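Heads up, the thing below is written out as structure tokens.
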Amino acid sequence: MKRKREKRTIDLGGRKIGYLLITSFAAGKVRVSIRRGGEMTVTKPCFVPETAVSGFLRDKSGWIIEKIDYLSKIKTTPVSKSGRREYLKYKKAALDIVSGKIKKFNGLYNFSVKNLSVRNQRTRWGSCSKAGNLNFNFRVVYLPDYLIDYIVVHELCHLKELNHSKKFWDLVSLAIPEYRDLRKELKKYF
């Protein structure tokens with residue numbers, strides 16, 4: 001069994017917050033993601049006890065409540081039905097999200113990013129050019145946070161390996177050890 005999923009609740013700042021707890025044998029650390037609509041998912045390695053997860057969530061309670069409040073307001077339009085109007089509306093938000101994640105994950109990789117852009121693409125979540133330019137689909141704003149992490153890491157790793165070789169996937173797994181599961185999940189969104 002690779003993953004175990006259970007519903008949990010926790011009191012944060014006087015608010016009862018429900019979340020999905022995923023225990024993953026591939027996870028390397030505890031991760032929190034908050035989706036559109038304010039749904040929270042926590043992924044933990046199998047060796048981390050639930051008491052440690054509760055402590056982690058309480059330490060991050062300010063950030064969690066802020067994100068839940070913000071993401072609760074974002075429209076839950078299906079990804080495939082969004083068009084030019086949504087692109088113009090969410091382009092800046094997508095760029096802000098992706099820029100922040102590039103800074104976060106490139107702390108691990110330290111690759112040289114030339115240009116960063118957000119586009120209205122129909123078939124791709126992201127791309128990387130030989131010149132070191134990274135492009136992302138504005139529709140990332142509709143995705144759960146952990147899938148955006150995967151997309152950003154995927155494109156960052158193409159700066160070093162412009163292919164899908166074993167070396168490439170080894171690089172991806174440094175930040176996203178459960179990339180295989182996320183890759184499958186991402187296919188549901190287009």
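Since every read-out is calculated from the coordinates, none of them should be taken as a lab result. Quantities reported herein were computed from a predicted structural model and do not represent experimental measurements. Neighbour counts run over all protein chains shown; Cβ positions are idealised from the backbone, glycine included.
On a 23 Å Cα-Cα criterion, which of the cross-link pairs Lys101/Lys187; Lys29/Lys103; Lys130/Lys188; Lys16/Lys184; Lys73/Lys101 come out too long?
Details: Lys101/Lys187 21 Å; Lys29/Lys103 19 Å; Lys130/Lys188 28 Å; Lys16/Lys184 31 Å; Lys73/Lys101 21 Å.
Where the Cα-Cα span goes over 23 Å, the pairs concerned are Lys130/Lys188; Lys16/Lys184.
What is the mean projected area of the alpha carbon convex hull for the range 98-162, to one decimal in square nanometres?
Working: hull surface 16.2 nm².
Mean shadow area of the hull around the Cα atoms is 4.1 nm².
Please work out whether the range 79-189 counts as rounded, prolate or oblate from its C-alpha gyration tensor, where a ≥ b ≥ c are the square roots of the eigenvalues and a/c under 1.5 means rounded, while otherwise a/b larger than b/c means prolate and anything else oblate? Before the final figure, lay out the partial values.
Values: a/c = 1.78, a/b = 1.38, b/c = 1.29.
In terms of gyration-tensor shape, prolate.
I'd like the per residue volume of the convex hull spanned by the Cα atoms of the range 1-51, given in cubic angstrom.
Numbers: hull volume 4.4 nm³, N = 51.
Dividing the Cα hull volume of the range 1-51 by its residue count gives 85 Å³.
Given the options Gly28, Gly13, Gly37, state which has the largest fluctuation in a GNM of the chain using a 10 Å cut-off (strictly under) for Cα springs.
Answer for the Gaussian network model of the chain: Gly13.
Hey, what does the equivalent ellipsoid look like for the chain, semi-axes from the Cα gyration tensor as sqrt of 5 times each eigenvalue, largest first, whole Å?
Values: eigenvalues 150, 91, 42 Å².
Result for the chain: semi-axes of 27, 21, 15 Å.
Could you give the angle, 0 to 90 degrees to the nearest 10, between helix 145-158's Cα long axis and the longest principal axis of the Cα atoms of the chain?
Approximately 30 degrees, to the nearest ten.
Which GluC sites (Glu not before Pro) in the range 113-186 sit in a loop by DSSP (not H, G, I, E or B) and have at most 16 other Cβ atoms within 10 Å of their own Cβ? Please report the intermediate quantities before stating the final value.
Numbers: sites: Glu155, Glu161, Glu178, Glu185; in loops: Glu161, Glu178.
Taking the range 113-186 and a limit of 16 other Cβ atoms within 10 Å, the loop GluC sites (Glu not before Pro) found are Glu161.
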